[in-house]
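In what follows, a single structure is set out as structure tokens and then discussed.
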Amino acid sequence: MDVTLKLEIGGRSARQWKFTVAGPREDEFVFMIDGVVGILRGLGYFSAHNSRSNTKLTERQLQILRLVKDGLSYEEVGKALGLTRQTIKNHAVAIRRKLKVKNTAGAVALALREGWI
């Protein structure tokens, strides 16, 4: 069995590894890799090759959605990222437009459902 892992940073491919696994421990290896992928995806650094990684949002926009998901206001998000409230609002408008949703809650819900954040 061949397993390919791809590391993306800021939406750009940074590294790729290919493993060939055979024998009785194949299932254990796949289980371990799935766990690592889950952890890294939660940190926002890793994207496996699947449809859930196909988002048109920038890494900054995903970062903003993660903070909004955690309950931060636009002003608090701005302070956390060193940006103005207006810049965060502009990002939110762009996010809603790209995802074709009516509000930021809808954007967060979609991003969670798709596994982007």
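The values are calculated or read from the model by the stated rules, or taken from the named source; none is laboratory data. Since the structure is predicted, the reported quantities are computational estimates derived from the model, not experimental observations. Ideal geometry is used to build each Cβ from the backbone, glycine not excepted, and the neighbour counts take in all protein chains shown.
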Q) Of all residues in region 45-75 being modelled with pLDDT under 70 and surrounded by fewer than 16 Cβ atoms within 10 Å (Cβ to Cβ), which is farthest from Val108 (Cα to Cα)? A) His49
(Q) Val108 - would you say it is modelled with pLDDT of 65 or more, out of contact with any strand residue (DSSP E or B) (no Cβ under 8 Å at 6 or more places or on another chain) and assigned to a helix (DSSP H, G or I)? (A) yes
**Q.** Test set (1) at pLDDT 95 or above; (2) at positive phi - Gly82 fails condition number
**A.** (1)
Q | Close pairs (7 angstrom Cβ cut-off, 6 or more residues apart or separate chains): in contact (Cβ under 8 Å) with a residue 24 or more places away in the chain and at negative phi in region 90-101, outside any helix (DSSP H, G or I) and exposed (fewer than 15 other Cβ atoms within 10 Å of the Cβ) anywhere | A | Lys98/Lys56
